[in-house]
Amino acid sequence: MALERLDDLYRDAILEHRRNPRNANKLEDFNTTGNAVNPFCGDEIHLQLKQDGQGRVIAVGLQGEGCSINQASGSMLTEAIRGKNPQEIRVLTDHVRKMMQGDPEAESLLGSEGDLPNLVGVREYPVRIKCALLPWSALDDALSNTSESSGN
Ligand code: ZN
């Protein structure tokens, strides 16, 4: 897919995150890590989370390779999960997946989550939805690797 076919608004937000990825430095001090790979377009995500005693994310590092949509979605993810506990992150992830499947309620619920709503532009290109969701799979992986002592 050529990115220039995306609506300008979405494209600008995605390219801006691609150029200036947030929280891209690898964490030295972390509780858990997650990884995800999509061989179709060479996308890879490597994620580290540092959580407080309640499981709330206090630092995140995410290194992405591959296409712009994958890397931009990862960058947006790192901003969206800061300060959230695992339960809140699972709700957020669920909303992102539903938004990408076209659910208008999930889309409106994500309206206050920073730049995440810009990912709706990718829905026009179903083959790229996987790219946008790959970082969220790495996040699932990271959460499943933690032992949640605080419970849900
Ligand atoms: Zn991709």
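Derivation of every value follows stated rules applied to the coordinates shown; laboratory data play no part. In this text the structure is predicted, and so the values were computed from the model without any measurement. Heads up, the Cβs are rebuilt from the backbone with ideal geometry, glycines too, and the neighbour counts pull from every protein chain shown.
For region 100-151, run through the trypsin sites (Lys or Arg not before Pro) and keep only the ones in DSSP coil with at most 14 other Cβ atoms within 10 Å of their Cβ.
On the way: sites: ARG123, ARG128, LYS130; in loops: none.
Qualifying residues, ordered by number: none.
Per residue of region 50-67, in order, report the coupling 6.51 cos²θ - 1.76 cosθ + 1.60 (Karplus, θ = phi - 60°) as ³J(HN,Hα) in whole Hz, putting x for Gly and Pro.
After applying 6.51 cos²θ - 1.76 cosθ + 1.60, I find 10, 10, 7, x, 8, x, 6, 6, 10, 7, 9, x, 9, 10, x, 10, x, 7 Hz.
For the Cα atoms of the chain, what angle does the longest principal axis make with the long axis of helix 126-144, in degrees from 0 to 90, nearest 10?
0
Charges on Cβ only, +1 for Lys and Arg, -1 for Asp and Glu, centred on the Cα centroid of the chain; of THR93, GLY66, LEU3, which one is farthest towards the dipole's positive end?
Towards the positive end, the residue furthest out is GLY66.
Let me know the charge dipole size of region 2-144 about its Cα centre in debye, to the nearest 20, where only the beta-carbon of Lys, Arg (+1) and Asp, Glu (-1) is charged.
Details: 16 positive and 22 negative charges, 35 e Å.
I would put it at about 160 debye.
Step through the residues of region 106-116 one at a time and calculate ³J(HN,Hα) from phi using the Karplus curve (6.51 cos²θ - 1.76 cosθ + 1.60, θ = phi - 60°), rounding each to whole Hz and writing x for Gly and Pro.
4, 4, 6, 5, 8, x, 9, 9, x, 8, 3
Hey, can you grab everything whose amide H is under 5 Å from the amide H of ALA24? Only 5+ residues off in sequence or another chain; H modelled, so Pro and N-termini drop out.
LEU62
For the chain, what relative contact order do you get, as a whole percent, if you take Cα pairs closer than 8 Å and at least 6 residues apart? Let's see the in-between values first.
Numbers: 267 pairs, mean separation 44.8, N = 152.
Relative contact order here is 29 percent.
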